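Each remark here refers to the structure printed beneath this line.
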Protein chains: 2
Amino acid sequence: MKPDKKTELLANWQTLQRIFIRPENEESGAALVRYMEQILFGLHDFLKQHVGITREASLKDLSDRFTDSRISQNPSKKLADVIKSIIEDIAPHAVNVSSPYFIGHMTSAIPFFMVHLQTIMGALNQNPVKLETSKVVSVSERQALAKIHRLIYGFDDAFYDEHIQKPESTLGGFTDDGTLANITALWTARNVLFKPKNGFDGVESQGMAAAYQAYDIRRTVILVSQLGHYSLRKAGGILGIGHDNVLSIDVDSQNRINISKLEAAIREIQKDNQTKILAIVGIAGATETGTVDPLPQIADICAEHSIHFHADAAWGGPTLMSEKYRHLLSGIERADSVTIDGHKQFYMPMSCGMVYFKDPVIMDAIAYHAAYINRPGSVDLGIRSLEGSRAATSLILSGALEIMGRGGYALLIDHGIEIAKAFAEEIRKRHLFELTTPPELNILTYRIFPENMKNEWKTADHHQKLEINDYLNHVNITVQRLQREAGKSFVSRTTLRRRGCEDIVVLRSVLMNPMTDIRILQEILDEQEKIYQQQFGV
Amino acid sequence: MKPDKKTELLANWQTLQRIFIRPENEESGAALVRYMEQILFGLHDFLKQHVGITREASLKDLSDRFTDSRISQNPSKKLADVIKSIIEDIAPHAVNVSSPYFIGHMTSAIPFFMVHLQTIMGALNQNPVKLETSKVVSVSERQALAKIHRLIYGFDDAFYDEHIQKPESTLGGFTDDGTLANITALWTARNVLFKPKNGFDGVESQGMAAAYQAYDIRRTVILVSQLGHYSLRKAGGILGIGHDNVLSIDVDSQNRINISKLEAAIREIQKDNQTKILAIVGIAGATETGTVDPLPQIADICAEHSIHFHADAAWGGPTLMSEKYRHLLSGIERADSVTIDGHKQFYMPMSCGMVYFKDPVIMDAIAYHAAYINRPGSVDLGIRSLEGSRAATSLILSGALEIMGRGGYALLIDHGIEIAKAFAEEIRKRHLFELTTPPELNILTYRIFPENMKNEWKTADHHQKLEINDYLNHVNITVQRLQREAGKSFVSRTTLRRRGCEDIVVLRSVLMNPMTDIRILQEILDEQEKIYQQQFGV
């Protein structure tokens, strides 16, 4: 049979076996390297121009291109063609999260070495669920976990010498993302609260209704400020607590949980002896405003009432790397559990969540064993984990910690916080804008609020204020959308909700890309001013 | 300052910025490609020899090498050094899951193109939680989901034309692994069962105890055969049902759920009007034995009693790619939800779970919205998902489907099933062994059971049988361990538990590597015979 493109693509046993072994001859080896080169540099050309979030209409067009629900019988592409089509057809319509003009979300540029580490993780293809499919990688993962645990809790050498490789101890775990890390923390706290007691085998065995009966209560609540991430409500839903029982506490003028309102809520709840508080969550870097709750005060309250203290530091955790700014998170070392995301300010590729616990045996509350793996007493990491099989993302984190050092990460953290301050200054200087939440870490929100309306506001009555606010919301929604559709810059928008106030639509910027400088930020504001003038100018 | 190795490594702003941009000059570009070459081929040399699961003692030695809990202040390694140390220090002590002699777990060799696809996923670094960080990748993910949905359910063109890109429809979702897929399926089923009704806002809002009160029950159960994966018990625990309420139904002589016992259990449960059945799970490829439950009969039972039918096809799902063997899974198209793992028989790198639903709007039962993303009515994939941020693994699956075609995957599936049959034949032929569970898909278990003891067994009384079984368990544990420690081959072991019978320790083999042929399997048995003779021979 004459080899032509079509027959080459036909799946047959010989070609199939060939793709499972590394090529032995130089020519095909060189081809594999060439493909990697295309991946590393081919993407670059397409992505360096625009951030790539364009009009809704184009989404409709894109959707129309992906409507094939059949898997073709024969292979339809070779690897080279797949790479080509990702570079030519996917990448130009993907979002260039690595652009320094993309300051809208917590996804950003990653150092290029992360792509190499991701590749090596894939090539080794270890599965840390059990030692028999990971071996040294499980041992190395325990070391990576201890390093971040020490960054948070700072216990002494004796503590880490004892627990770092002790099979019975679990300092934390890797999860797919911060949502699962938050769920893992609250799952553990739930099981500790409703632990086995006389005549009751524990909530994990018998369920929530039985737990309430055994403990003679009717309701469990989780307390968090109104800026808590939505994954906390999701955790309440999944765990059988009910997301209505994840109670929102108002924030103060600095967007931190209002401690007197928190205390009042606790007093109110405690009047009802049929309600238990499962946990209080302190936020270390709120998703919308980047603000940090007063962690020491939350720690005091939790200690006083023996309540589980969870710190959601998915965003802010790596601030601990900075000698200059780590004080912003002080009190976190008193949290019973802490969430940190690797794909956020550790600049790892999607996705890596982590959860840490102060008590190295508390995760026994969520232990599961299986007959074919994970026998009791084994060192298998899958015993105390929400997930089963998972990628060995600890290899990426370990490599990154070596390549960057604390110092390298500190530079990134410091840059983010300082450029956010400079940006806030710039916003304050411009008459068209109002800074709505000043940055504490590296996130801020602001809105367009024209000078003349600021003046009107001063003398407006309640009804007029509502009208002005509605108009401003409309203006900000429009300008954000038009800027996004223009495709050069991306700032996100969100809605600040405060009890007793109108909803305020604001522009939100997350400053984590080291290539984002003040000049770029000025350009972004310039463009917003221009769009405003074109659309709403007189 | 004279540049030397130490100062080069010091984190400073200029070098830091440099690692965020792709190198512009040829020399540094070439270095990045060279590193990829090292990753692709450097690992090869270390891994081609042994499977690499060695003695417990060596684990202790390894642990002693990973006891550093401090993150160094300055960078301690460059990328090249990290790659070198992974190749030289990690890889030799990792597990060579790609060896054709590694037939012990569901982790195996992956085609080399998977590593390229993993790399491209990392380089694009999209986050499908929201359109603003993924755009075309979200649209393309919907297509990949529709392809697998169609493979399972086989609805007509009109169905897929309608739902494939309709924002309100969700044919399924990607999760980190099969555990999370099973949890997502049962979470959805729970919320449908305890949906809002007069005076009750639904279980997701109000929790399990309130749900039981509203529906006037005391208990919810999930039914699955005793071969159900442990993630199902975990799901029961997390969801507030209690894992004791995940009830084990006995299997029949072919390791399939015993339908008359299932029916008897349902009758028994229904006598108590305070207990509801949340779901019945049918297994399509049991983790321990590879067996498939009688899905059509489970579907009939679920239809009759209006019970959610979940199919756990984490392992067996891709059998649907084979025209020759897809009938083994018939009935799966009647399941309300289906779990399939990508990192198992789709041969994707760690990790990729998937869950599919017959009803394209049922996942509304788990929808969550956040103010800064995921507004109602948007196409953001994070709205109906257990996870928040996650990697765009659909890019890998889409590429793999194009490169392999159904035909390519069918060859792998057919090989696995047929080599398992051949292996079973070989085991039956050898006097030292007993085939304990014959293969239905590509997993089988067997044990060492010497000829003389088989003869003794025939005339033994109950007590003598217990003694023989204990001895056999000891023999099999020993031989499996010694073979593992020798480092050439790896077969796992598990314990078959049958009600009213002694626990039987068996050797378990999972046949998915296309390079595993009958000669290799004979070698593995030869080695076991040799170890047995050395340790227990007379």
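Taken residue by residue and averaged, Cβ atoms of other chains lying within 10 Å of the Cβ of B:333-343 number 1.
Fewest Cβ neighbours within 10 Å first, please rank A:Ser28, B:Ser76, A:Ser398 accordingly.
Final ranking by Cβ density, sparse to dense: A:Ser28, B:Ser76, A:Ser398.
Counted by neighbouring Cβ atoms within 10 Å, the residues B:Asp272, B:Asp81 run from fewest to most as B:Asp272, B:Asp81. Taking each residue as 0.36 nm, the span from B:Lys429 to B:Lys488 lengthens on full extension beyond its C-alpha to C-alpha distance by 18.9 nm. Note on the range A:382-445: Cα-only Rg and Dmax are 18.8, 58 Å. Among residues of chain A, the one whose Cβ lies closest to the rotation axis carrying chain A onto chain B, together with that distance rounded to whole Å, is A:Gly240, 1.
Taking the Cβ of B:Ile257 as the center, what net charge do the other residues with Cβ under 9 Å away carry, scoring Lys and Arg +1 and Asp and Glu -1? Within the 9 Å Cβ shell, the charges total -1. Placing +1 on each Lys and Arg Cβ and -1 on each Asp and Glu Cβ, with no other charges, gives the range A:155-197 a dipole about its Cα centre of roughly 480 debye. When the alpha carbon gyration tensor of the range B:412-536 is reduced to an equivalent ellipsoid, its three semi-axes come out at 25, 16, 13 angstrom, largest first. Its relative contact order, with pairs defined as Cα atoms under 8 Å and 6+ residues apart, puts chain B at 18 percent.
Looking at chain A alone, DSSP beta bridges between its own residues are antiparallel in about 60 percent of cases. Each other copy places its own label point for A:Ala460 at 8.8 nm from this one, sorted shortest first, where the point lies 7 Å along the Cα-to-beta carbon line. Judged by the mean number of other Cβ atoms found within 10 Å, the most tightly packed of the peptides B:283-294, A:410-421 leads the ranking B:283-294, A:410-421. Percent of Cα-Cα pairs more than 15 Å apart in the range B:144-212, please. More than 15 Å apart: 65 percent of the Cα pairs in the range B:144-212. Legend: residue pairs A:Lys130/B:Lys130; A:Lys77/A:Lys488; A:Lys344/B:Lys234; A:Lys84/B:Lys135; A:Lys324/B:Lys84, Cα-Cα distance threshold 30 Å; pairs beyond threshold, A:Lys130/B:Lys130; A:Lys77/A:Lys488; A:Lys324/B:Lys84.
Shortest first, A:Gln213 label-point distances to identical copies amount to 1.5 nm, with the label point at 7 Å from Cα along Cα→Cβ.
Simple point charges give the picture: +1 on the Cβ of Lys and Arg, -1 on the Cβ of Asp and Glu, and for the range A:127-391 a dipole about the Cα centre of about 300 debye.
The residues neighbouring A:Glu456, those whose beta-carbon lies less than 14 Å from its own, together hold a net charge of -2 under the Lys/Arg +1, Asp/Glu -1 convention. Neighbour counts of C-beta atoms inside 10 Å place A:Ile362, B:Ile83 in the sequence A:Ile362, B:Ile83, starting with the fewest.
Within chain B, which whole H helices from DSSP have a Cα span along their axis of at least 24 Å and a mean Kyte-Doolittle hydropathy of 0.0 or more, if any? Qualifying helices, which must be both long enough and hydrophobic enough, are B:136-153, B:394-429. Mean per-residue shielding of peptide B:31-40 is 6, counting Cβ atoms of other chains within 10 Å of each Cβ. Classify the protein assembly as shown from the C-alpha gyration tensor, please: rounded if a/c falls under 1.5, else prolate or oblate depending on whether a/b exceeds b/c. It is prolate, given that a/c is not under 1.5 and a/b is the larger ratio. Look at the stretch A:442-448: the mean tally of other chain Cβ atoms within 10 Å of its residues' Cβ atoms is 0.
Treat every Asp and Glu Cβ in the protein assembly as shown as -1 and every Lys and Arg Cβ as +1, leave all other atoms uncharged, and give the resulting dipole magnitude about the Cα centre to the nearest 20 debye.
Result for the protein assembly as shown is approximately 120 debye, rounded to the nearest 20.
Using only DSSP helix segments of four residues or longer, with each worth -39500 (n - 2.57), what per-residue ellipticity at 222 nm results for chain A after dividing by its residue count and rounding to 500?
-13500 deg cm²/dmol
Each Lys or Arg adds one and each Asp or Glu subtracts one; over the other residues with Cβ under 11 Å from the Cβ of B:Ala311, this totals -2. Simple rule: put +1 on each Lys or Arg Cβ and -1 on each Asp or Glu Cβ in the protein assembly as shown, find the dipole, and look at A:Asn127, B:Ser389, A:Cys501; the Cα lying farthest toward the positive end is A:Cys501. Expressed as a whole percent, the proportion of Cα-Cα pairs in the range A:127-391 lying more than 24 Å apart is 47%. In the assembly of identical copies, B:Ser260 has its label point, taken 7 Å from Cα in the direction of the beta carbon, separated from the corresponding points by 7.4 nm (ascending, one decimal).
Where a number appears in this text, it was derived from the coordinates with a stated rule and is not lab data. Given the structure is predicted, the values throughout are model-derived calculations rather than measurements. Backbone-built Cβ (ideal geometry, glycine too); neighbour counts: all protein chains shown.
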